[in-house]
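To start, the structure itself, in structure tokens.
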Amino acid sequence: MSGLREVAGAVRHVDVLVVGAGPAGLAAAARLAAAGTRRVEVLDREQQAGGVPRHCAHGGFGPWLHPLTGPAYARLLTRAAVRAGAVVRTGVTALDWAGPSTLTAVGRGGPETIEARAVVLATGARERPRTARLVPGTRPAGVYTTGELQQAVHLYGQRIGSRAVVIGAEEVSYAAADTVRAAGAEVVAMVTDLPQAQVSPGRALNARLRQGIPLLTDAMVDELVGRGRLSAVRLRHHDGRTTVLRCDIAVFTGDFVPERELARRGDLVLDAGTRGPAVDGGLHTSRPGVFAVGSVLHPAESAATAAREGAHAADAVRRRLTGDAWPTGVPLTVAAPLRWIAPNRVTPADELPYVLRTTISLHRPVLQVTQDDRLLHRSRSLRTALPNRTVTLTASWTHRVDAGGGPVRVTVA
């Protein structure tokens, strides 16, 4: 491990330590505790459990028949974990590894060291800010990511400005536009460097026709203008034209990256596509006893997908606690125009469906799974695959994988 950090004091022992109190971590903790695992502890650096849904005021969370807002969903998951018997501790930051399944942490009570029989990493993902996207221009106030915007509006009730440009045209971008409007500001335009929005046609039409939000395609931000406060965004279109949009808010949306620092410091094998920990269908990482779940694996899927993975990992954790061997699996890779797949290792026992991303639009693509020139599976998607939207692949073929064979490859036929 590259970053062992010494922390004074006695080592405290738990059965399962979950790092991250978002949907994946809370679902894992609730299922483990409900199934009889005695000492399940969840750590989160935020002051309130629930993860990203805490500041997503819109609906669409929870069961289909009883949809909830994000905050209501976050409270539901937190209550479920606590009622099942898990200990949820907020304001506690996991710092580093002090052993194969031992972590150092710091919170209101000071530094501590916690040793667990199993560790579940559920550290989530974040949007890359303007600085990481290398957007030229000044550094004025009024520039947000979606998460920063939602927290400012829905958690802290801050005034954000009056005219916004939303950069991106995927689901999270439209959620950002809704937040801008909820704060009483106008969305001047949405901007994407792709040729179309990456949401359902109904969602895009509703924004354009009913809410009057123009969508500028094939364009990217060339410069932020303003001193002290943002005054405009300069765009460059693919044909070379430039456009200046007067605004005092710019929201950079999407372009998620995994919160993988703890995995990196623990020398876990990372996947080159997702940049998160490499895992098999049981959510086992490269280190025995350490699991990973949720958006740290695939930045960023829905809260429902994260919660489903958390519950799925709980079963694998319980088997580990009763002495199951640690599987190794074989690598699972994709070929262009596919961008990444998660999970990205595979064993014949895996049952968790796969999620993928593509770099270009594909009309009802046929996905083909092969190993050592042997066809394992072939299926056609029922809808067009778009960049930044989920493409799913069943796990019904995994029993055909040769555990001693070469890498398994997913291609577009």
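The values are calculated or read from the model by the stated rules, or taken from the named source; none is laboratory data. The structure displayed is predicted, hence computed values, not measured ones. Ideal geometry is used to build each Cβ from the backbone, glycine not excepted, and the neighbour counts take in all protein chains shown. Accessible surface is based on the protein model in full, side chains and every heavy atom, while ligands, DNA and RNA are left aside. Shrake-Rupley method; radii C 1.70, N 1.55, O 1.52, S 1.80 Å.
Here L32 fulfils each of the conditions (1) assigned to a helix (DSSP H, G or I); (2) more than 21 Å from the chain's Cα centre (by Cα); (3) at pLDDT below 95 apart from (3). Filter segment 115-149 for residues that are open to solvent by less than 60 Å² (accessible area, probe 1.4 Å) and of a type in the set (A, V, I, L, M, F, W, C) and give the result. Correct list: A116, A118, V119, V120, L121, A122, A125, A132, V135, A141, V143, L149. For segment 303-340, filtering for residues that are under 23 Å from E170 (Cβ atoms) and free of Cβ contacts under 8 Å to residues at least 40 places away in the same chain leaves 1.
Select from segment 92-122 the residues that are assigned to a strand (DSSP E or B) and among the hydroxyl-bearing types (S, T, Y) and write down the one among them that is farthest from the chain's Cα centre (by Cα). Within segment 92-122, the match that is farthest from the chain's Cα centre (by Cα) is T113. Each residue in segment 371-387 was checked for being surrounded by 15 or more Cβ atoms within 10 Å (Cβ to Cβ) and either acidic (D, E) or within 18 Å of R409 (Cβ to Cβ) (or both), and 6 of them qualify.
The single condition among (1) surrounded by fewer than 21 Cβ atoms within 10 Å (Cβ to Cβ); (2) more than 21 Å from L386 (Cβ to Cβ) that L194 does not satisfy is (2). Looking across A152, A204, A177, one residue alone is open to solvent by 20 Å² or more (accessible area, probe 1.4 Å) and either without any contact (Cβ under 8 Å) to a residue 12 or more places away in the chain or in a helix (DSSP H, G or I) (or both). It is A204.
Based on what the data block shows, is W64 more than 20 Å from the chain's Cα centre (by Cα) and open to solvent by less than 20 Å² (accessible area, probe 1.4 Å)?
Considered against the rule, which asks whether it is more than 20 Å from the chain's Cα centre (by Cα) and open to solvent by less than 20 Å² (accessible area, probe 1.4 Å), W64 comes out as no.
Screening A336 with (1) more than 23 Å from the chain's Cα centre (by Cα); (2) surrounded by fewer than 13 Cβ atoms within 10 Å (Cβ to Cβ); (3) in a loop (DSSP other than H, G, I, E, B) gives one miss only, at (1). When P348 is tested against (1) at pLDDT 95 or above; (2) out of contact with any helix residue (DSSP H, G or I) (no Cβ under 7 Å at 6 or more places or on another chain), just one condition goes unmet, and that condition is (2).
Just so you know, in segment 393-409 the residues that are among the polar types (S, T, N, Q) and surrounded by 13 or more Cβ atoms within 10 Å (Cβ to Cβ) include one that is nearest to the chain's Cα centre (by Cα), and it is T394. State yes or no: is R275 touching a residue at least 12 places away in the same chain (Cβ under 8 Å), outside any loop (DSSP other than H, G, I, E, B) and surrounded by fewer than 20 Cβ atoms within 10 Å (Cβ to Cβ)? The answer is no for R275.
Suppose we filter D350, D324 for residues that are crowded, with 18+ Cβ neighbours inside 10 Å, assigned to a loop (DSSP other than H, G, I, E, B) and not basic (K, R); which single one remains?
On the way: D324 fails: crowded, with 18+ Cβ neighbours inside 10 Å.
Of the residues listed, the single one that is crowded, with 18+ Cβ neighbours inside 10 Å, assigned to a loop (DSSP other than H, G, I, E, B) and not basic (K, R) is D350.
Q196 fulfils the conditions (1) touching a Leu at 6+ places or on another chain (Cβ under 9 Å); (2) part of a helix (DSSP H, G or I); (3) polar (S, T, N, Q); (4) farther than 18 Å from E127 by Cα except for a single criterion, (2). Among the residues of segment 224-271, which ones are assigned to a loop (DSSP other than H, G, I, E, B), open to solvent by 70 Å² or more (accessible area, probe 1.4 Å) and free of Cβ contacts under 8 Å to residues at least 60 places away in the same chain? Scanning segment 224-271 gives H238, D239, R241, V269. Only residues in segment 341-370 that are under 23 Å from L386 (Cβ atoms) and without any contact (Cβ under 8 Å) to a residue 24 or more places away in the chain count as the first member; pair them with residues that are open to solvent by less than 20 Å² (accessible area, probe 1.4 Å) and part of a strand (DSSP E or B), Cβ under 9 angstrom, at least 6 apart or cross-chain, and list the lot. Listed by first residue and then by second, the contacts come to H363/A385; R364/A385. Residues in segment 353-364 that are assigned to a strand (DSSP E or B) and either among the basic types (K, R) or within 20 Å of A311 (Cα to Cα) (or both): Y354, V355, R357. Every test in (1) part of a helix (DSSP H, G or I); (2) touching a strand residue (DSSP E or B) at 6+ places or on another chain (Cβ under 7 Å); (3) open to solvent by less than 20 Å² (accessible area, probe 1.4 Å) is passed by V82 save one, and that test is (3).
Residue count for segment 234-273 under the criterion of being more than 17 Å from Y144 (Cα to Cα), more than 18 Å from the chain's Cα centre (by Cα) and among the acidic types (D, E): the result is 2. Within segment 299-344, can you find the residues that are touching a strand residue (DSSP E or B) at 6+ places or on another chain (Cβ under 6 Å) and of a type in the set (K, R)? Correct list: R320, R339. Entry remark, segment 283-306: residues being buried (at least 24 other Cβ atoms within 10 Å of the Cβ), at pLDDT 95 or above and assigned to a loop (DSSP other than H, G, I, E, B) number 4 in total.
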